[in-house]
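The values are calculated or read from the model by the stated rules, or taken from the named source; none is laboratory data. These figures come from a predicted structure and were not determined experimentally. Virtual Cβ from ideal backbone geometry, glycine too; neighbours counted across all protein chains shown.
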Amino acid sequence: MPKITVIGLGICQPPLLNAKALSALHSCDCIMGSPRQLDSVAPLSIDSSQKVHQELPKLKEIASRIEGFNHVVILASGDPLLFGIGKYLQNEFSLEAGYEVSCISGISSLQGVCELTGLSLQDAQLVSLHGRPLSQLNRHLQAHRKLLILTDKRSHPQAIAKALVAANLPHSKMHVCERLGYADQKHREFVAKDLAISTLSFASLHVTLVHTLGEGHLMPNFPGIPDAHFVTDGESGKGLLTKREVRLNILTLLQAAPKDIGWDIGAGCGGVAIEWALWNPLGKVYGIEDHNQRIACLNANMDTFGVSANLQIIQGRAPQCLNDLPSPNKVFIGGSGGALSQILQLAWQRLQPGGRLVASAVTEQSKAKLQEFSQLISQTPADYLQVSISRHDTIAGQDILRPALPITLMSWHKAPQISADTLEETPNNA
């Protein structure tokens with residue numbers, strides 16, 4: 001069985017490797033890495049002339065480049081299991097695929113920052129913007145957070161500082177740690193509002209630590225994003241945003257969990273989809289919407305709240321556009337374009353065992369269709385409630401509570417599959 005050993009070189013120069021890493025370098029027949037990494041381990045590799053040295057190719061080309069070797073060492077920076085190549089290689093070259101993959105961790109650049117600044121790693125949120133849109137930082141821009149940020153050329157320190165200022169966190173403290181482990185290592189401290197307008201330059205190898213300070217104004221610290229924080233299609237679009245109180249009831253009924261695949265059908269401007277993706281970062285949400293202007297609002301809100309990593313926008317009409325999506329664990333139907341019955345049936349058919357389906361209705365006709373569907377799957381009783389909200393308003397200078405249209409929410413829980421093993425373990429008289 002071909003063997004792949006991933007060695008994290010840490011941040012020291014030359015690298016400080018343990019006995020296991022040195023043994024792998026001695027026994028392998030191929031070493032892959034960047035030119036800088038290959039040079040750094042050359043003095044440590046016995047019989048180096050007998051080994052093939054290759055520059056690490058693009059990820060999709062690794063499989064073809066390691067063919068014919070018994071033991072390949074792949075060099076990585078820092079810790080390959082911390083936002084590194086290790087996880088990718090474990091997934092792509094599994095035991096099932098006929099490979100043995102092991103990873104040897106070095107000291108990561110994030111640990112190096114902790115050493116320089118005195119930060120305890122367990123007190124920080126780890127954020128990788130490397131190869132990712134800068135807007136993904138937005139989901140973390142809450143007051144009194146300590147963010148350890150891996151960056152690239154688009155997420156340079158000034159860009160991060162500008163994002164902090166835009167989020168009303170201008171007094172945030174920033175530590176920029178450059179060329180960690182090298183002789184010319186550098187650590188500089190800034191205030192976000194000052195760095196945002198500076199023309200300073202930074203080494204390409206750097207990590208940024210941010211201690212967010214200020215009131216903030218966009219990202220909530222608890223579920224329930226204020227409606228006014230969403231981009232909507234003018235006054236007409238405000239009616240197509242699920243209001244906060246209703247939104248929270250929907251999310252409570254859905255019970256989103258890590259690794260869930262969720263569908264938000266008729267996503268509108270994205271009230272439910274955005275909040276769903278924000279508070280369940282380990283799940284995946286598909287926001288389905290057909291209207292061009294609402295799609296534009298949905299995209300704007302996705303960037304504003306930094307949820308592009310786990311929210312995918314699908315433009316199209318349901319139920320037709322649902323066929324190519326992965327089967328969901330959770331479904332919310334907030335809009336149907338007149339096809340509510342068909343969408344309910346397809347969503348229930350595609351819903352994975354143990355999943356939940358939630359639908360909303362305002363008109364009597366829509367409520368009737370929900371009841372018809374509930375009777376169709378009578379073996380699964382519905383849980384339903386009506387949400388009636390009255391909000392503050394004024395009339396003739398006096399305070400009043402103005403009621404909004406009541407929203408009916410119905411939910412169904414699809415029974416989980418019972419495996420044959422479970423049936424065998426169940427006593428006959430149970």
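Looking at region 366-387, which of the residues that are in a loop (DSSP other than H, G, I, E, B) and surrounded by 15 or more Cβ atoms within 10 Å (Cβ to Cβ) is farthest from the chain's Cα centre (by Cα)? Spell out the reasoning first.
Start the filter on region 366-387 by keeping residues that are in a loop (DSSP other than H, G, I, E, B), which leaves 377-382.
Imposing the further condition that a residue be surrounded by 15 or more Cβ atoms within 10 Å (Cβ to Cβ) reduces the set to 377, 382.
Details: Ile377: 34, Ala382: 31 Å.
Ranking the candidates gives Ile377 first.
Pick out the one residue from Gly68, Gly86, Gly98 that is crowded, with 19+ Cβ neighbours inside 10 Å and either within 17 Å of Lys3 (Cβ to Cβ) or aromatic (Phe, Trp, Tyr) (or both).
The match here is Gly86.
Going through Gln352, Gln342, Gln312 one at a time, which residue ends up being at pLDDT 95 or above and closer than 26 Å to Gln142 by Cα? Break it down into steps so the answer makes sense when it comes.
Details: Gln352 fails: closer than 26 Å to Gln142 by Cα; Gln342 fails: closer than 26 Å to Gln142 by Cα.
Residue meeting the stated conditions: Gln312.
For region 1-105, list the helices (runs of 4 or more DSSP H) that sit wholly inside it and hold at least 2 residues that are small (Gly, Ala, Ser), out of contact with any Lys or Arg (no Cβ under 9 Å at 6 or more places or on another chain) and outside the structural domain of Glu115 (by TED's automatic domain parsing); which are they?
19-27, 62-65
Please list, ordered by residue number, the helices (runs of 4 or more DSSP H) wholly in region 184-265 having 2 or more residues that are of a type in the set (S, T, N, Q) and under 30 Å from Trp348 (Cα atoms). Break it down stepwise before answering.
Working: elements: 192-195, 234-238, 244-254.
The helices (runs of 4 or more DSSP H) meeting that bar are 244-254.
Between a first residue in region 282-304 that is crowded, with 16+ Cβ neighbours inside 10 Å and a second residue that is of a type in the set (D, E, K, R) and not in a strand (DSSP E or B), which pairs have beta carbons less than 8 Å apart while being 6 or more apart in sequence or on different chains?
Within 8 Å, the pairs are Gly283/Lys259; Gly283/Asp260; Lys284/Asp260; Asp290/Arg317; Arg294/Asp233; Cys297/Asp233.
Out of curiosity, is Leu148 in contact (Cβ under 8 Å) with a residue 60 or more places away in the chain, under 17 Å from Ser109 (Cα atoms), crowded, with 18+ Cβ neighbours inside 10 Å and touching a His at 6+ places or on another chain (Cβ under 9 Å)? Break it down stepwise before answering.
Working: in contact (Cβ under 8 Å) with a residue 60 or more places away in the chain: yes; under 17 Å from Ser109 (Cα atoms): yes; crowded, with 18+ Cβ neighbours inside 10 Å: yes; touching a His at 6+ places or on another chain (Cβ under 9 Å): no.
Judged against the criteria, Leu148 is not a match.
Do the conditions hold for Pro353, that is, is it surrounded by 14 or more Cβ atoms within 10 Å (Cβ to Cβ), in a loop (DSSP other than H, G, I, E, B) and within 25 Å of the chain's Cα centre (by Cα)?
no
Rundown of residues vs (1) within 23 Å of Glu92 (Cα to Cα); (2) surrounded by 13 or more Cβ atoms within 10 Å (Cβ to Cβ); (3) in contact with an Asp or Glu (Cβ under 9 Å, 6 or more places away or on another chain), yes/no style:
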| site | (1), (2), (3) |
| --- | --- |
| Ile4 | yes, yes, yes |
| Leu9 | yes, yes, no |
| Gln13 | no, yes, no |
| Ala19 | no, no, no |
| His26 | no, yes, yes |
| Ser34 | yes, yes, yes |
| Val41 | no, yes, no |
| Lys51 | no, yes, yes |
| Gln54 | yes, yes, no |
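Can you tell me how many residues within region 274-294 are at pLDDT below 95 and polar (S, T, N, Q)?
Residues in region 274-294 being at pLDDT below 95 and polar (S, T, N, Q): 2 in total.
Which one is surrounded by the most Cβ atoms within 10 Å (Cβ to Cβ), of the residues in region 158-196 that are under 12 Å from His206 (Cβ atoms) and either outside the structural domain of Gln142 (by TED's automatic domain parsing) or of a type in the set (Lys, Arg) (or both)?
Looking at residues that are under 12 Å from His206 (Cβ atoms) and either outside the structural domain of Gln142 (by TED's automatic domain parsing) or of a type in the set (Lys, Arg) (or both), I get Arg179.
Does Ser109 qualify as being among the hydroxyl-bearing types (Ser, Thr, Tyr), modelled with pLDDT of 95 or more and closer than 24 Å to Gly10 by Cβ?
So Ser109 does not fit the description; no.
Where residues in region 230-272 are without any contact (Cβ under 8 Å) to a residue 40 or more places away in the chain and out of contact with any Gly (no Cβ under 7 Å at 6 or more places or on another chain), which of them is farthest from Asp290 (Cα to Cα)?
It comes out as Thr252.
Can you tell me which residues in region 89-98 are more than 27 Å from Ile11 (Cβ to Cβ) and either of a type in the set (A, V, I, L, M) or modelled with pLDDT of 95 or more (or both)?
Residues satisfying the conditions are Leu95, Ala97.
So which of Gln13, Gln54 is out of contact with any Pro (no Cβ under 9 Å at 6 or more places or on another chain) and free of Cβ contacts under 8 Å to residues at least 60 places away in the same chain?
After ruling out the rest, the residue left standing is Gln54.
Can you tell me which residues in region 63-75 are at pLDDT below 95 and of a type in the set (Val, Ile, Thr)?
Answer for region 63-75, where residues must be at pLDDT below 95 and of a type in the set (Val, Ile, Thr): just Ile66.
Going by what's in this entry, would Ala300 be described as in the same structural domain as Thr380 (by TED's automatic domain parsing) and part of a helix (DSSP H, G or I)?
yes
Pick out the one residue from Gly78, Gly86, Gly10 that is at pLDDT 90 or above, touching a Cys at 6+ places or on another chain (Cβ under 8 Å), within 30 Å of Thr208 (Cα to Cα) and not aliphatic (A, V, I, L, M).
Of Gly78, Gly86, Gly10, the one residue that is at pLDDT 90 or above, touching a Cys at 6+ places or on another chain (Cβ under 8 Å), within 30 Å of Thr208 (Cα to Cα) and not aliphatic (A, V, I, L, M) is Gly86.
Could you please find all residues in region 399-416 being part of a strand (DSSP E or B) and not acidic (Asp, Glu)?
Ile400, Leu401, Arg402, Pro403, Ile407, Thr408, Leu409, Met410, Ser411, Trp412, His413
Taking region 266-281 as the search range and keeping residues that are in a loop (DSSP other than H, G, I, E, B) and out of contact with any Lys or Arg (no Cβ under 6 Å at 6 or more places or on another chain), which one is farthest from Ala309 (Cα to Cα)? Spell out how you get there, then give the answer.
Restricting attention to region 266-281, the residues satisfying the condition of being in a loop (DSSP other than H, G, I, E, B) are 266-270, 280-281.
This time we only want the ones that are out of contact with any Lys or Arg (no Cβ under 6 Å at 6 or more places or on another chain), so: 266-267, 270, 280-281.
Working: Gly266: 20, Ala267: 17, Gly270: 15, Asn280: 11, Pro281: 8 Å.
The selected residue is Gly266.
Just one of Arg132, Arg139 is assigned to a loop (DSSP other than H, G, I, E, B) and farther than 23 Å from Arg36 by Cα; which is it? Step through it out loud before you land on a result.
Working: Arg139 fails: assigned to a loop (DSSP other than H, G, I, E, B).
Exactly one of Arg132, Arg139 is assigned to a loop (DSSP other than H, G, I, E, B) and farther than 23 Å from Arg36 by Cα, namely Arg132.
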